[in-house]
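> Pasting a structure here, questions to come.
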Amino acid sequence: MITIPFIILLTLVSLYFGKTIRKQNTKLYVGFTVLAILSFLLRYKLPFTEPLNQGYLGFSFLYLVMFAGALKKGSRLSKSLMSIRREYSIIGFILLSPHSFKYLVEFLNGDRSFEWFGILPYIIMLPLFVTSFMIIRKKMSNKAWIKLQRFAYIAYILIFIHLIIVAKAPNLFVYIILFIPYIVLKLKKELS
Ligand code: HEM
């Protein structure tokens with residue numbers, strides 16, 4: 001349930017602080033990386049690390065990255081989300097890392113089964129994350145970069161399956177409610 005307030009908050013942040021996010025992006029990446037490492041290290045000790053270690057916050061960032069691509073161009077919301085899409089995708093990936101490593105460690109310790117539908121999108125997103133940084137992107141042709149970014153759609157589908165498999169009510173309904181408008185808007189945009 002916490003994903004809904006996170007998504008609302010992050011939408012408002014994109015509307016009112018987009019310029020600051022773009023300007024201060026490096027500081028934000030460093031700050032969120034420190035936060036991600038600390039929350040992984042303190043995962044069983046501090047309850048406030050739960051939104052990170054359970055994937056809620058990282059997913060909220062990624063959801064807005066997905067949603068931005070489904071919105072019709074031109075609206076204020078579309079403009080502000082598109083303007084910080086790169087930053088939100090990088091931060092989202094950073095914040096999903098403690099979640100992914102937590103469950104990977106639990107699997108390696110024999111405490112959990114392997115979560116294919118979590119691992120696969122995380123692996124797919126890794127090259128997308130690396131090539132989001134301008135310093136790397138500049139080394140690629142625009143065509144190659146766009147081609148690579150298309151893999152994001154496979155990651156989104158796998159994340160949806162991951163959430164349907166692992167989540168229980170009421171969160172399960174939240175994810176279904178979040179994905180329906182995304183799919184409808186995206187199909188509408190692509191088919192028009
Ligand atoms: C790549 C992107 C990923 C996203 C967006 C994501 C997102 C989430 C979210 C939001 C939840 C909470 C579901 C709920 O409401 O209960 C969750 C649960 C879970 N995830 Fe992921 N996840 C990802 C990757 C992974 C990876 C790599 C693993 C395993 C190594 C994993 C293993 C799990 C497990 C085991 C749960 C259930 C936890 C429980 O029993 O409470 N996830 N994931």
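> Do you know which residues across the stretch 69-107 are more than 13 Å from the ligand (Cβ to nearest atom) and basic (Lys, Arg)?
Within the stretch 69-107, Lys72, Lys73, Arg76, Lys79, Arg85, Arg86 qualify.
> What is the one condition in (1) more than 16 Å from the ligand (Cβ to nearest atom); (2) open to solvent by 80 Å² or more (accessible area, probe 1.4 Å); (3) charged (D, E, K, R) that Lys186 does not satisfy?
(2)
Residue-by-condition table, conditions (1) part of a helix (DSSP H, G or I); (2) free of Cβ contacts under 8 Å to residues at least 24 places away in the same chain; (3) farther than 22 Å from Ile176 by Cα:
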| site | (1), (2), (3) |
| --- | --- |
| Lys27 | yes, yes, yes |
| Phe32 | yes, no, yes |
| Phe48 | yes, yes, yes |
| Ser60 | yes, no, no |
| Leu64 | yes, no, no |
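> How about the stretch 85-118: which of its residues are over 20 Å from Gly31 (Cβ atoms), open to solvent by 30 Å² or more (accessible area, probe 1.4 Å), assigned to a helix (DSSP H, G or I) and in contact with a helix residue (DSSP H, G or I) (Cβ under 8 Å, 6 or more places away or on another chain)?
Result: Tyr103, Leu104, Phe117.
> Quick one: is Lys79 of a type in the set (Lys, Arg), in a helix (DSSP H, G or I) and more than 17 Å from the chain's Cα centre (by Cα)?
When the stated conditions are applied, Lys79 passes them.
> Same structure, new question: Which of the numbered conditions does Pro127 fail, given that it passes all the others? Conditions: (1) within 19 Å of the chain's Cα centre (by Cα); (2) at pLDDT below 95.
(2)
> Could you tell me whether the stretch 108-118 includes any residue that is within 16 Å of the ligand (Cβ to nearest atom), under 16 Å from the mean Cα position of the chain (by Cα) and at pLDDT 95 or above?
yes
> Among the residues of the stretch 144-183, how many are in a helix (DSSP H, G or I), over 24 Å from Ile123 (Cβ atoms) and open to solvent by 80 Å² or more (accessible area, probe 1.4 Å)?
Residues flagged as in a helix (DSSP H, G or I), over 24 Å from Ile123 (Cβ atoms) and open to solvent by 80 Å² or more (accessible area, probe 1.4 Å) within the stretch 144-183 amount to 3.
> Separate question: Identify all residues within the stretch 60-81 that are exposed (fewer than 15 other Cβ atoms within 10 Å of the Cβ) and hydroxyl-bearing (Ser, Thr, Tyr); write none if there are none.
Scanning the stretch 60-81 gives a single hit, Ser75.
The values are calculated or read from the model by the stated rules, or taken from the named source; none is laboratory data. Since the structure is predicted, the reported quantities are computational estimates derived from the model, not experimental observations. All Cβ positions, glycine included, derive from the backbone under ideal geometry; neighbour counts span all protein chains shown. Note: areas computed on protein heavy atoms with side chains; ligands, DNA, RNA excluded. Shrake-Rupley method; radii C 1.70, N 1.55, O 1.52, S 1.80 Å.
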